[in-house]
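> Handing you this structure, nothing more for now.
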Amino acid sequence: MDPIQYPFSKSSSEEIQRILKSEGIVCFPTETVYGLGGNALSPKVIEKIFSLKKRTPEKSLSVLVNQDWLRRLANWEDSRVDRIIDAFWPGPLTLVLPAHPELPGFLKGPQDTIALRWSSSEVVQEMIELGGCPLIGTSANLSGLPTCLNPTEVQNQFGEKTPMLVNSGILPENLPTSLLDCSKKPFELIRSGSIDLSILEGFI
């Protein structure tokens, strides 16, 4: 299938909406690399992504959100989380937070947590609105292979199995998203990336 160009036209917006609402998968650009995702509330979508990436289910997936979905997926009381969100979101920072008690088990990570990111990518935010759902947000690459910065790299890795691809051209080389576990005391930086520990230290 031919890639969808961004910005979306009326017809391509309708196509993205159709795919997300029918439990399909989309490749799309984020502020760091090309991502792979779909409706995060669908266990079928999550199974498809693990299968496509050849990734073991033991490795949980992060979820891309907007303001509307934050408190519906996570439940925290620590005011430091609010300060971190205000300072760094939208942006390349994933937070591991206590999962909302009503969240289905397939979305929860270890110790009833969930990894969330409010991406600054306009593509991601528009797709969340079109689908009316949070999105699984994992890198669009086969497990163990390099992340992809352009549509050609995505297609080279997935070949004929490449899902619908949103083409936003070549992305600049960036560090990966930083990953901060806010479910632990003290907070633990799991991965330093686009946001360095020295910057985060003032908040944790």
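No lab work stands behind these numbers, since they all come straight from the coordinates. Given the structure is predicted, the values throughout are model-derived calculations rather than measurements. We place every Cβ from the backbone using ideal geometry, glycine too, and count neighbours over all the protein chains shown.
> What stretch of the chain, leaving out the sites themselves, is the longest with no GluC sites (Glu not before Pro) in a DSSP loop having at most 11 other Cβ atoms within 10 Å?
Working: sites that count: Glu58, Glu77, Glu102, Glu173, Glu201.
Longest gap between qualifying sites, sites excluded: 103-172.
> I would also like to ask the following. If you fit an axis through the alpha-carbon atoms of helix 10-21 and take the longest principal axis of the Cα set of the chain, what angle between them do you get, 0 to 90°, nearest 10?
The helix 10-21 is inclined about 60 degrees to the chain.
> Right, next: Calculated from DSSP H runs of 4 or more alone, at -39500 (n - 2.57) each and per residue, what is the 222 nm mean residue ellipticity of the chain, nearest 500? Kindly include the intermediate steps, with their values, before the conclusion.
Values: 7 runs with 62 residues, N = 204.
That calculation yields -8500 deg cm²/dmol at 222 nm.
> Mean 1/r over all different Cα pairs, inverted: what Kirkwood radius does the chain give, in Å?
Working: mean 1/r = 0.0584 Å⁻¹.
Value: 17.1 Å, from the Cα pair sum.
> For the range 78-204, calculate the relative contact order in percent as a whole number, restricting contacts to Cα pairs under 8 Å that are 6 or more residues apart.
Values: 145 pairs, mean separation 34.5, N = 127.
The normalised contact order for the range 78-204 reaches 27 percent.
> How far, in degrees from 0 to 90, does helix 43-53 lean away from the longest principal axis of the Cα atoms of the chain, to the nearest 10?
70 degrees
> Something else: Keeping to pairs on different chains or 8 or more places apart, tell me how many lysine pairs in the range 1-136 have Cα atoms under 29 Å apart.
Value for the range 1-136: 18.
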